[in-house]
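Every number in this text was worked out from the coordinates using simple rules, so none of it is lab data. This is a predicted model, so every value here is computed, not measured. Methodologically, a virtual Cβ is constructed for each residue, glycine included, from the backbone with ideal geometry; neighbour enumeration extends over all protein chains shown.
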Amino acid sequence: MNIGENIKKYRLKAGLSREKLMLKCQGSFSTSHLLAVEKGRTKNPGIEMVSAIAEALNLSVDELLGRKPAKRP
């Protein structure tokens, strides 16, 4: 899976619309930008966006990128 597919998967798992996710990220990106990332039109979103989404979804950046899940205490 690519980053966009992972964002969409975890966003839907959390029961969030694109707009609600954007609001949880304090509007640090637009819903149209999020849509472009999820659809693969923007293949390399910035670290600020990835970090904000991971935090909003209670994930590590590694998990969001599809890497091995981080060990949590």
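Tabulated data
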read-out: Positions within the stretch 21-35 being over 12 Å from the mean Cα position of the chain (by Cα) and not polar (S, T, N, Q), in sequence order; value: Leu23, Gly27
read-out: Selection within the stretch 18-28 - free of Cβ contacts under 8 Å to residues at least 12 places away in the same chain and surrounded by 12 or more Cβ atoms within 10 Å (Cβ to Cβ); value: Lys20, Leu23
read-out: Verdict on Lys24 being more than 16 Å from Asn2 (Cβ to Cβ) and among the basic types (Lys, Arg); value: yes
read-out: Filter result (surrounded by fewer than 12 Cβ atoms within 10 Å (Cβ to Cβ) and either under 12 Å from the mean Cα position of the chain (by Cα) or among the polar types (S, T, N, Q) (or both)) within the stretch 46-73; value: Ile47, Glu48, Asn58
read-out: Every pair of residues 6+ apart whose Cβ atoms lie under 9 Å, when the first sits in the stretch 29-45 and is without any contact (Cβ under 8 Å) to a residue 40 or more places away in the chain and exposed (fewer than 12 other Cβ atoms within 10 Å of the Cβ) while the second is small (Gly, Ala, Ser) and in a helix (DSSP H, G or I); value: Lys39/Gly4; Gly40/Gly4; Arg41/Gly4
